[in-house]
Amino acid sequence: MSRPVRIAQLTCGADYSGVQNEIAEAAKAVDAEVFYPDISLNDLRRDFDSFGLNVKSPDLKLVIARAKALVTGKVEADAVFIGSCFRCAEAAIVRTELRRYIHMNSTLPVVSYSFTERTTSGTLLTRMEALTTIARRRALLAREKQTGITMGVDSGSSTTKCVIMKENEIIGTGWEPTIEVLKSSDLVVEAALAEAGLTMNDIEAIGTTGYGRFLIGKHLNADLVQEELTVNSKGAVYLADNQHGPATVIDIGGMDNKAISVMDGIPGTFTMGGICAGASGRFLEMTAKRLGIDITELGPLAMKGMGEEVPMNSYCIVFGTQSLVNALAAGSTPEDVAAAACHSVAEQVFEQQLQEIDIREPVIMVGGTSLIQGLVRAMGELLQTKIIVPHHSQYIGATGAALLASGFVDRKKE
Amino acid sequence: MKEYNPEYVGTETKYIFVDSPTTTPQDLAIAAYEVAMGVMIKETCFGVQVTGTPDEVRRIVERLRKIDPFHIFIKDRGFPPGDERRCRANLGGSRPGYLGHEYEIGLSRFISHGLKETDTMKPEDLKKTAQPFKREPPLDIEELASIIEEEA
Amino acid sequence: MAKVFIYPATSLMLSDLVARYGHKPLGSALSVREHIQAGGFDSPPLQITPEDPKKGLHWAAVEVPSGVRGRMSLYGPLVEEADAAIIIEESDFAFGCMGCARTNELLIFLLKQKGVPVLELSYPKTKEEGVTFVASIRTFLAELGGEKA
């Protein structure tokens, strides 16, 4: 194994929230190490003053000066983790500005996070894994074309997807709700192979992603097992044919949401949220169920409705559903209710997550929820931009995994 | 979560800083070893750290302070010396407290001067020299109004 | 001998002067030492576990960030113990335990609210100020009783 990826830690309050060890453990789990950029008091005074954000907390001053040391190259790092206490306004300003500053002035991948005393290494793991992937696998992530015959499997929290690609074309797909991780995976693999008219022996390389990536990776003896942040970014810019320059990828998933600011297909800054189910695909599923329709019908229905007509004053999945029930009882149309549900999810993602990254056009929406037109429309209205939904967008993770796995086809031939 | 079994329970660690034209950190370390009698002494770039029972540490600290009383500064430390949780080698950079000490040591010459000058002062002279912390009160609103009128 | 809370609680100079003139300085090191020397769950570096911010609820409400509450769990017991306090307010370069301005504001408030004798000072920036600084602290400490000059 190569040397550990060195992640510069720019945090305020981690030790005192009791989560420093969780940060260190999450890094260690992906063969990385966190470290504090070393600076002198004189560096600190000069760099803090020149940055110009005059915060009062000494540890935030230190964080600012350390960020400058990274950007100027005085201290070397492979990636940056910015963290501060949840609910601290002073630190939130610093976090946002530093994230932007590092993103604009260096190629260092950055993830920012606001923690509480409840934050665990498990929560931070995917973020750390993405940071190390970007740092370690830049060459792999640079791949723009799929070659050979490869398979990608995305084991998500709600659904499992499989894609088979041959010479840059998708030739087989499979899609199943995730029930038992391995069984669902077997079903989608079987379906995709059948559609492609191939057998497992024809597959030259396999990539897995999503929550169940480790388990199915082992099961399928995969060449590539990778978190969904980098895989989805890659899949999104590939399918949207936007592999060069900036883009923003939004993936509203069943359990958590990803917002990724991408440059040349490689994530620069990203967030993953999963605190409230009210901002997830799950809420839309519940809405569809309450309206007595299939989830696939929710999008077209929402397109006919006016969300503003329905009072929605809660972001919680329980109380949000209650609002919808009340609205239906009060005579709102199913169209309006569907539109309101879409707007609610979009607004929550917008308010809680998109603030954490720099939105740069084009905005690409992917994942199963991107097929719900009402949700895409609501997001477009909030962001004041036309949103791209590429073909096969529900297979984004599987496609990204199949694309990246083809990097292993050539290696095997050698 | 792993269980934690602390080491050095019941001990105290003190930092002894020296910033003096005549005494070097090395002088301090040599003197400390002379009186150590088995107590743990660790040399550092700024002086020494002493770790032992409170009585042992007190004995050594009192002896060391006498070497150069106006230029030696002592404080408690939470960690035992060389603790890898605090060690620069393991963190990639200095622990945050280091910069705070760097700042205060930069002011030590003024305090050393103060210690020397006040050393032989009698309590009443000390009282006269002492000045309570004062901030300029904000400008009275009526005074401000009159200035504006005058300037107008 | 009085127990004197020092602010910045990490201050080398205040810790030294208080002890030099016969009193007990109460600073972060004492609380950190208590954490480091107590068993329990491993949570390096400071052995502050997620339980400590919860203990901090005694001094700061639940909507206050975890880092403030965690720090208050270090300082709160010391404030309660303190017979007096010496405060250098412009502690812009005291990091770590003193690294959070919001905690520091709360800490000064609690010390003042407690009604114990408080000496407020600035760091000396000249030799003359050094004399005033030491004289002020010596006088303040002498008035607390027990100075061994």
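The values are calculated or read from the model by the stated rules, or taken from the named source; none is laboratory data. Model, not experiment: these values are computed from the prediction. All Cβ positions, even for glycine, are placed from backbone atoms using ideal geometry, and neighbour counts span all protein chains on display. These area figures cover heavy atoms from the full protein model, side chains too; ligands, DNA and RNA do not enter into them. Shrake-Rupley method; radii C 1.70, N 1.55, O 1.52, S 1.80 Å.
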Chain A, relative contact order [Cα under 8 Å, separation at least 6], %: 16 percent
Among A:Leu375, A:Leu224, A:Leu187: highest mean-square fluctuation, GNM of chain A, C-alpha pairs under 10 Å: A:Leu187
Calculated from backbone phi, Karplus (6.51, -1.76, 1.60) coupling profile of segment A:202-219 in Hz, x at Gly/Pro: 6, 6, 8, 7, 10, x, 10, 8, x, 4, x, 4, 5, 5, 6, x, 5, 4
Lysine pairs in chain C with Cα atoms under 16 Å, if 8 or more residues apart or on separate chains: 5
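For chain A, what does -39500 (n - 2.57) per DSSP helix run (n ≥ 4), summed and divided by total residues, give at 222 nm, in deg cm²/dmol to the nearest 500? Working shown, then result.
Working: 17 runs with 191 residues, N = 414.
For chain A, the value works out to -14000 deg cm²/dmol.
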Helix runs (DSSP H) in chain A reaching 30 Å along axis by Cα, Kyte-Doolittle at least -0.5: none
Among C:Ser11, C:Ser136, C:Ser73, residue whose mean-square fluctuation peaks in a GNM of chain C (springs only between Cα atoms under 10 Å): C:Ser136
Distant-in-sequence amide H partners of A:Ile39 (H built 1.01 Å from N, under 5 Å): B:Ser94
Hz values of 3J(HN,Hα) by residue in segment C:27-43 - Karplus curve (6.51, -1.76, 1.60), Gly and Pro given as x: x, 4, 4, 5, 6, 4, 4, 4, 5, 5, 9, 9, x, x, 7, 6, 8
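Test of understanding: what is the full-extension gain from A:Met306 to A:Ala194, defined as 0.36 nm times their sequence separation minus their Cα-Cα distance?
Details: separation 112, 0.36 × 112 = 40.32 nm, distance 4.21 nm.
Once the chain is fully extended between A:Met306 and A:Ala194, it gains 36.1 nm.
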Most mobile listed residue (A:Gln322, A:Gln394, A:Gln226) in chain A, GNM with C-alpha springs under 10 Å: A:Gln322
Interface residues in segment B:1-46 - accessible area drops by 40 Å² or more relative to the isolated chain, probe 1.4 Å: B:Met1, B:Lys2, B:Tyr4
Segment B:1-48: trypsin sites (Lys or Arg not before Pro) falling in loop per DSSP and having at most 16 other Cβ within 10 Å: B:Lys2
Check: segment C:3-143 dipole with +1 on Lys, Arg Cβ and -1 on Asp, Glu Cβ, in debye: 160 debye
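Hey, any idea what % of chain B's accessible area is carbon plus sulfur with a 1.4 Å probe?
Percent of accessible area from carbon and sulfur atoms in chain B: 52.
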Trypsin sites (Lys or Arg not before Pro) within segment B:76-148: DSSP coil, no more than 10 neighbouring Cβ in 10 Å: B:Lys134, B:Arg135
Proximal lysines relative to A:Lys61, as straight alpha-carbon distance under 19 Å, when same-chain residues fewer than 8 apart are discounted: A:Lys74
For B:69-79, mean number of other protein chain Cβ atoms within 10 Å: 6
R0 of 41 Å, Cβ-Cβ distance A:Arg290-A:Glu361: FRET efficiency to nearest 0.05: 0.70
From phi via Karplus (6.51, -1.76, 1.60), per-residue ³J(HN,Hα) for segment C:66-82 in Hz, x at Gly/Pro: 4, x, 5, 5, x, 5, 5, 5, 7, 8, x, x, 5, 4, 5, 7, 5
Residues of the protein assembly as shown: accessible area per residue with a 1.4 Å probe, Å²: 42 Å²
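As an exercise, identify the GluC sites (Glu not before Pro) in segment A:290-358 lying in DSSP coil whose Cβ has no more than 13 other Cβ atoms within 10 Å. All intermediate terms of the calculation are to be shown ahead of the outcome.
Values: sites: A:Glu297, A:Glu308, A:Glu309, A:Glu335, A:Glu347, A:Glu351, A:Glu356; in loops: none.
Qualifying residues, ordered by number: none.
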Mean residue ellipticity (222 nm) of chain B, computed from DSSP H runs ≥ 4 via -39,500 (n - 2.57), nearest 500: -13500 deg cm²/dmol
Approximate spin-label separation C:Ala61-B:Tyr33, in nm, with each point projected 7 Å along Cα-to-Cβ: 5.9 nm
